[in-house]
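Structure first, commentary second.
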Amino acid sequence: MSLSLLLTSTRPPLLDRTHFKITHANPKRLTFSSHPSFRNLPTLILSSSSGCGSGHEESGHLPVSPPKPTSLDWQQNVLSTAASLYPLYVTAGGIIACFNPSAFSWFVKRGPASYSLSLGLIMLAMGLTLELKDLIALFMQRPLSILFGCVAQYTIMPAFGLIVSKALGLSPSFSVGLILLGCCPGGTASNVVTLIAQGDVPLSIVMTGCTTLGAVLLTPFLTKILAGTYVPVDAIGLSISTLQVVVAPILLGSYMQSKFPAAVKTVTPFAPLFAVLASSLLACSVFSENVVRLKSSMVAASLPSDASLILRIQSIFSGEMGTIILAVLLLHFAGFFVGYISAAIAGFKEPQRRAISIEVGMQNSSLGVVLAASHFTSPMVALPPAMSAVIMNIMGSSLGFFWRYIDPSDSKDSTQPQD
């Protein structure tokens, strides 16, 4: 999610929650310091040229008797575990939106202002855990892999957004929504998935930060070029909105972290969970808004009132809803697959391939929802980004757990370009 994360893995109890923080005591190495509660545990030092999962772990002395976890440790463990359940939240919310759309009406009625506010708070939470000096320092150490990943992000997904929309013959509104989704920066959940997949976590984190900051210019510019043939696109308006709801909150959060470290340290453990819940609410609210329209325009006109639940579900997925789901599936599959293949062709090692694949395939769907709701007259434009929040996280999490059981060090025939 940022340069400082509370993440959950399947390691032993005292090692399963690590506070990843990039430091630069040695300019040639990346040091992952454990959470302050685990200062006695060894420090994992990775060579910056090898990436996460493929570096050489320097020897450290494990304590004979590990310190007993405190109540604060368990609290942070619970929070980090709860934050890792993002796919479950959006899936459950999507099901509720399908069968009871009015559950989100209180939030929908206040849109798009409520959408913009929620995304701004999500980005503020990210900024609170982001140290820009670390991001810049890491970029200077590994410019080649980071630039390659950012270029892949803003070429593969926008191109396939256009290709898929044309191949499936989507309506103009849905085509614009899918292209807009493809032009968004990398999603924050990609960092968690990269950790699960034993990928290059530092590369994933910096790619997320760089593509998010670059979204101010690239997302509006690419959307206007690719979607401008369908509907008029206000590139300047999109750029201003992206600056307001993404970049400004991130910079504000980073500033607060440097000026008020004690206060920020208190709220930081809650930031990932807050961001996850806010993202779920945002995506499910937009989804529920469009479900009402889709039901009224497709299902009600073709089914009798006493139709069974199974028949109604089949009718929904065989109509436009099914086409949108297929389009979003194809877009994210292309991102994961082509991202991995391109990184392999470029000669990157397995951990970098996984990080680039996941980063390219997982988008900031919340930004797509906000921009669609704020700058396009048709509410259907927001449906592909809203659907993406559910589909993308299920696909990404599944890929992450698949890769978790395949040792990245098994791939020995690749040669990583030197940064």
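With the Cα gyration tensor of region 192-255 giving a ≥ b ≥ c as the square roots of its eigenvalues, does the rule (a/c under 1.5 for rounded; else a/b larger than b/c for prolate; else oblate) give rounded, prolate or oblate? Here region 192-255 falls in the oblate category.
Could you sort CYS183, CYS98 by accessible area so the largest value comes first, with the probe set to 1.4 Å?
Working: CYS183 0, CYS98 35 Å².
These residues rank, largest area first, as CYS98, CYS183.
With the cut-off at 1.5 for a/c, could you classify region 139-278 from its C-alpha gyration tensor as rounded, prolate or oblate? Here region 139-278 falls in the prolate category. Our note on the geometry: Cα centres of region 148-206 and region 322-363, 8 Å apart. The Cα atoms of region 76-206 give a gyration tensor whose axes a ≥ b ≥ c have a/c of 1.5 or more with a/b no greater than b/c, which makes the shape oblate. You can think of it this way: the chain between ALA262 and ILE163 has 30.7 nm of extra reach, that is 0.36 nm per residue less the Cα-Cα gap. For THR323, THR266, THR229, the ranking by accessible surface with the largest value first comes to THR229, THR266, THR323, using a 1.4 Å probe. Between region 364-402 and region 233-287, the C-alpha centres lie 17 angstrom from each other. Label-to-label distance, PHE333 versus PHE402, with points set 7 angstrom from Cα along the beta-carbon direction: 1.0 nm.
What order do TRP106, TRP403 take when sorted by accessible area (1.4 Å probe), most exposed first? List each step's numbers first, then the result.
Numbers: TRP106 130, TRP403 25 Å².
Final ranking, largest accessible area leading: TRP106, TRP403.
When only Cα pairs below 8 angstrom with a gap of at least 6 residues are kept, region 140-196 shows a relative contact order of 35 percent. Per-residue surface analysis assigns GLU320 an accessible area of about 80 Å², computed on protein heavy atoms at 1.4 Å probe radius.
The values are calculated or read from the model by the stated rules, or taken from the named source; none is laboratory data. Because the structure is predicted, anything quoted here is derived from the model rather than measured. When we count neighbours, we look across all protein chains shown, and the Cβ atoms used for this are built from the backbone with ideal geometry, even at glycine. Surface accessibility is based on the protein's heavy atoms, side chains included, excluding ligands, DNA and RNA. Shrake-Rupley method; radii C 1.70, N 1.55, O 1.52, S 1.80 Å.
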